[in-house]
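A.B. asks: A single structure is presented below for examination.
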Amino acid sequence: MNTYLSRHLETKLLESAARYPAVVITGPRQVGKTSLVKAIQTRLGRPSVYLDLEYPEDQNKLSNPALFFEHMQEQVVIIDEVQRMPELFPVLRAVIDRYRQPGRFILLGSASPDIIRDSSESLAGRVAYLELMPLSAIELPGLPYSQLWLRGGFPESVLAASEADSLDWRENFIQTYLERDLPLLGLKADPMLVRRLWTMLAHLNGQLLNLESLSRSLGITSPTVRRYMDFLESAFLITRLAPYAWNTKKRLVKSPKVFLRDTGLLHSLLSIQDYGQLLGHPSLGSSWEAYVFQQIRSLQSPRTELHFYRTQDGAEADLIVAQGGIPKAVAEIKFSTSPKPSRGFYEVMQDLGLAQGYLICPVESSYPLSGRVTVLSYRELGRVLG
């Protein structure tokens, strides 16, 4: 697949490059970071040079980085896989401070924990951070939601010529991440053990995280499980959704929920090969929840926070949207065309003082279920974000 798709992040990238000396774009490998930057090169307002640090020739160009950057002072320098040379960051700070102009550097990193730490220490106040997520529904208008849900949002997977090609790509992606990419990020662990953990997390998708249970099942310590999960999260392969616990007197569940960040990878790890298998799988509901959650995250502004809500007494909601800790919307995510809110859902609305709740479902158009609850179409997820 060689066709470039216009990405939702393009405008934000151009705006950031016009304001900040450096822009850091993170995201998993194969999500489209390189394609995105190459697509906007002609719109940066000046010439640019592209370096890929996976190639020794490009690495060699930076053997004396200060000299190279000085020579390229009037160009935008784009550095791909920048986490491979963390020693660049202090040099970038000095170069930027010597000639502080917006849009001097665009740095791409495959979700390395090092890139965030090193750039945060060296480039504070000089850099904008952007995350490129897998393709979302708003970037693929006209594509059946079932295809995006089943195959996930990695371009090579969702737009593959067949289900078999998509599945093969995802299996190769998983294998490469285990054997090559996670070790490059610093994870020193048996790839088979990490795959077992990743698969177990797929089966636990949408559930409360229990490190002790995972530790017993894998035969390793809880701190080791936590460290491995930190790497998977830093690689944008999983995410932990924190419970909402702001200014409430209720006894709340404190453990986070765990989700896989891409439903295509989720389905591969669960050995789900086609849509028919997905519809009959025990993980159908949690898979739909992960899909909706990821679509909402792709629309989320930096000023909103996402949580779930669950009390020890059983009142719960899948999603709380908050701003500054104040709840703005509450939603349940249900794979049903005739959903009914639970009693616990109304309790959550009362606990949080919210007059309106949503049931997010695979329906084509939204409709009011009552004066307080709206059945929300998967096409209108932006409504829960206000």
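A.B. asks: Give me the percent of the accessible area of the range 156-315 that comes from carbon and sulfur atoms, probe 1.4 Å, all protein chains in place.
C.D. replies: Here carbon and sulfur together make up 50 percent of the probe-accessible area.
A.B. asks: Return one whole number: the accessible area per residue of the range 179-285 in Å², for a 1.4 Å probe.
C.D. replies: 48 Å²
A.B. asks: Above 35 angstrom, tally the Cα pairs of the chain and express them as a % of all pairs, no decimals.
C.D. replies: Tail of the P(r) past 35 Å holds 31 percent of the pairs.
A.B. asks: Can you tell me the length gained on complete extension of the stretch Q277 to E74, counting 0.36 nm per residue apart and subtracting the Cα distance?
C.D. replies: The Q277-E74 span can extend by a further 67.6 nm.
A.B. asks: Heavy atoms only, probe 1.4 Å: what % of the accessible area of the range 26-98 goes to carbon and sulfur, would you let me know?
C.D. replies: Roughly 47 percent of what the probe reaches on the range 26-98 is carbon or sulfur.
A.B. asks: Oh, and also: Classify the range 286-340 from the C-alpha gyration tensor, please: rounded if a/c falls under 1.5, else prolate or oblate depending on whether a/b exceeds b/c.
C.D. replies: In terms of gyration-tensor shape, oblate.
A.B. asks: Next question. Compute the acute angle (0 to 90°) between the alpha-carbon long axis of helix 88-98 and the principal axis of greatest extent of the alpha-carbon atoms of the chain; round to the nearest 10°.
C.D. replies: Between helix and principal axis, roughly 70 degrees.
A.B. asks: Given R₀ = 22 Å, FRET efficiency for E10-E171 by Cβ-Cβ distance, to 0.05?
C.D. replies: After rounding, the FRET efficiency stands at 0.15.
A.B. asks: Given a Förster radius of 22 Å and the C-beta distance between L143 and K340 as r, what FRET efficiency does 1/(1 + (r/R0)^6) yield to the nearest 0.05?
C.D. replies: Calculated transfer efficiency: 0.15.
A.B. asks: Can you give me the Cα centroid spacing of the range 155-172 and the range 1-47 in angstrom?
C.D. replies: 24 Å
A.B. asks: Considering only protein heavy atoms, what per residue accessible area in square angstrom results for the range 19-158 with a 1.4 angstrom probe?
C.D. replies: Averaged over the residues of the range 19-158, the accessible area is 41 Å².
A.B. asks: Here's something else I'd like to know. According to the square roots a ≥ b ≥ c of the eigenvalues of the Cα gyration tensor, what is the shape class of the range 184-296, taking rounded for a/c under 1.5, prolate for a/b larger than b/c otherwise, and oblate for the remainder? Could you put the intermediate results ahead of the total?
C.D. replies: Working: a/c = 1.67, a/b = 1.02, b/c = 1.64.
It is oblate, given that a/c is not under 1.5 and a/b is not larger than b/c.
A.B. asks: Taking R0 as 51 Å, what's the FRET efficiency between D190 and Q356 from their Cβ-Cβ distance, rounded to 0.05?
C.D. replies: Values: r = 49 Å, r/R0 = 0.96.
The pair D190/Q356 has a calculated efficiency of 0.55.
A.B. asks: Let me ask something additional. Counting each DSSP H run of 4 or more residues in the chain as -39500 (n - 2.57), what helix-only mean residue ellipticity at 222 nm follows after dividing by all residues, to the nearest 500 deg cm²/dmol?
C.D. replies: Values: 16 runs with 147 residues, N = 386.
Value at 222 nm, helices only, nearest 500: -11000 deg cm²/dmol.
The values are calculated or read from the model by the stated rules, or taken from the named source; none is laboratory data. Owing to the predicted nature of the structure, the values given are computational and were not obtained by experimental measurement. Using ideal geometry, Cβ is built from the backbone for each residue, glycine included, and neighbour counts are taken over all protein chains shown. Please note that ligands, DNA and RNA were not included when accessible areas were found on the heavy atoms of the full protein model with its side chains. Shrake-Rupley method; radii C 1.70, N 1.55, O 1.52, S 1.80 Å.
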